[in-house]
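Structure record follows, encoded as structure tokens.
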Amino acid sequence: MVVVRTPQRRDRSVKQVITIGLDLAKHVFQVHGADAEGSPVFNRKLRRSEVLRFFEKLPACLVGMEACGSAHYWAREIAALGHEVRLIPPAYVKPFVKRGKTDAADAEAISEAVTRKTMRFVPIKTAEQQAAAMVLKTPRSSSAAANAIGQRVARASGRIGDHRHRRPGKG
């Protein structure tokens, strides 16, 4: 007797999503959802205004993002909806990109990287920690900019560079 099994279609609904990779951008974010086996469930784009509504509809899952300035904000917002959020340094995501550098490929790589047991994650900063870091960096960056402008002015006026330094009295 031969038993013929008919392939069962699996319902790949949003409820089966276990892991999400979120690639952040200026206006449009790429979202890659994977099930428990790591198989893709969806890969779509979301406008900035749609992100929180999208995550509100999902059951709690693991969300990975590349660590950057805005990632801390989004991590706090998505975690407040009940999801577990992890930030990954961009250098640690790069080895998981399988094809060209596109938003979809990055989101898929983030989704895969966030599930690794040996992956190192960046702690999510509070709004206060981000503000303090910005205050600490501002004087350094503004003084560096002022120094750069001063050097450009000095070069343009012939005071430094071009080996045109003249000694007083030697015309």
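Listing for the model above:
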item: One residue from Ala144, Ala148, Ala132, Ala105 being assigned by TED's automatic domain parsing to the domain that holds Ala79 and either at pLDDT 65 or above or touching an Asp or Glu at 6+ places or on another chain (Cβ under 9 Å) (or both); result: Ala105
item: Any hit, the range 26-36, residues being over 22 Å from Trp74 (Cβ atoms), in contact with a Pro (Cβ under 7 Å, 6 or more places away or on another chain) and either modelled with pLDDT under 95 or surrounded by 17 or more Cβ atoms within 10 Å (Cβ to Cβ) (or both); result: no
item: Search result, residues across the range 30-59 that are in contact with a strand residue (DSSP E or B) (Cβ under 7 Å, 6 or more places away or on another chain) and among the hydrophobic types (A, V, I, L, M, F, W, C); result: Val31, Ala34, Val41, Phe42, Leu46, Val51, Phe54
item: Candidates Ala71, Ala104 - the one that is surrounded by 12 or more Cβ atoms within 10 Å (Cβ to Cβ) and within 21 Å of Asp35 (Cα to Cα); result: Ala104
item: Test: residue in the range 116-128 that is touching a residue at least 24 places away in the same chain (Cβ under 8 Å) and outside any loop (DSSP other than H, G, I, E, B); result: yes
item: Scope the range 84-139; condition among the hydroxyl-bearing types (Ser, Thr, Tyr) and within 14 Å of the chain's Cα centre (by Cα); matching residues; result: Tyr92, Thr102, Ser111
item: Residues satisfying the stated conditions in the range 41-61, i.e. exposed (fewer than 15 other Cβ atoms within 10 Å of the Cβ) and assigned to a strand (DSSP E or B); result: Phe42, Arg44, Arg47
item: Within the range 62-94, tally of residues that are more than 16 Å from Thr126 (Cα to Cα) and in a helix (DSSP H, G or I); result: 5
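The values are calculated or read from the model by the stated rules, or taken from the named source; none is laboratory data. Given the structure is predicted, the values throughout are model-derived calculations rather than measurements. Counting neighbours? That spans all protein chains shown, and the Cβs are built from the backbone with ideal geometry, glycine included.
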